[in-house]
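Step one of this worksheet: look at the structure below.
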Ligand SMILES: [Zn+2]
Ligand SMILES: [Zn+2]
């Protein structure tokens, strides 16, 4: 899996803490030995679909759940620079694990260059924070929201992501499920 600039991740960490008060955000990178072990793992290898050239997100999340063991106090969001798909979806920009505790966002399709366009770091970052807050929202028990501007609105396409804000709408904010 490709490596992201640490400064971007640190910014992401502080932007996330702004949306989730009372939660401590730690940004960490898989160390090399963990990464090597993961790459040798049979379940990890079989999560990649060679024909589609995409990772099967549910299987990755299963594996991460088993390996990284999130718990009541610790939730994990994986930020992966790989393209992924899921059940009934040609691609996913992110997905939360069905049993809770963790989720992932997948970066290639939020980059303009994926569509043959000029790279736009600012737009990339905006999309990344929205996707991150959205999946963390699911991890913390939020469902999809009908408000088009709410970060918990389901993005059927990138234009939905670009339209919505990175924050919870006032209705979602009142609900505050777990935190
Ligand atoms: Zn969602
Ligand atoms: Zn909402």
(request) Kindly provide the set of residues from the range 121-154 that are within 13 Å of ligand 2 (Cβ to nearest atom) and in contact with a strand residue (DSSP E or B) (Cβ under 9 Å, 6 or more places away or on another chain), ordered by number. (result) 134, 137, 138
(request) Within the range 155-168, track down each residue that is within 27 Å of residue 71 (Cα to Cα) and either near ligand 2 (Cβ under 10 Å from one of its atoms) or free of Cβ contacts under 8 Å to residues at least 60 places away in the same chain (or both). (result) 167, 168
(request) Mind counting the residues in the range 87-96 that are surrounded by fewer than 19 Cβ atoms within 10 Å (Cβ to Cβ) and touching a residue at least 24 places away in the same chain (Cβ under 8 Å)? (result) 2
(message) Taking the criterion of being on the phi > 0 side of the Ramachandran plot and assigned to a loop (DSSP other than H, G, I, E, B), would at least one residue in the range 23-40 satisfy it?
(response) no
(request) Could you please tell me which pairs satisfy a Cβ distance under 7 Å, a separation of 6+ or placement on different chains, a first residue in the range 44-56 that is surrounded by fewer than 15 Cβ atoms within 10 Å (Cβ to Cβ), and a second residue that is at pLDDT 95 or above and part of a strand (DSSP E or B)? (result) 49/56; 52/85
(request) Output the residues belonging to the range 98-120 that are in contact with a strand residue (DSSP E or B) (Cβ under 6 Å, 6 or more places away or on another chain) and under 14 Å from residue 64 (Cα atoms). (result) 102, 103, 104, 105
(message) Which of the numbered conditions does residue 144 fail, given that it passes all the others? Conditions: (1) surrounded by fewer than 16 Cβ atoms within 10 Å (Cβ to Cβ); (2) within 16 Å of the chain's Cα centre (by Cα); (3) more than 13 Å from ligand 1 (Cβ to nearest atom).
(response) (3)
(request) Go through the residues of the range 97-108 one by one and say whether even a single one is more than 14 Å from ligand 1 (Cβ to nearest atom), over 29 Å from residue 50 (Cα atoms) and in contact (Cβ under 8 Å) with a residue 24 or more places away in the chain. (result) no
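The values are calculated or read from the model by the stated rules, or taken from the named source; none is laboratory data. All values derive from a computational prediction rather than experimental measurement. Cβ sites come from the backbone with ideal geometry, for glycine too, and all protein chains shown count toward neighbours.
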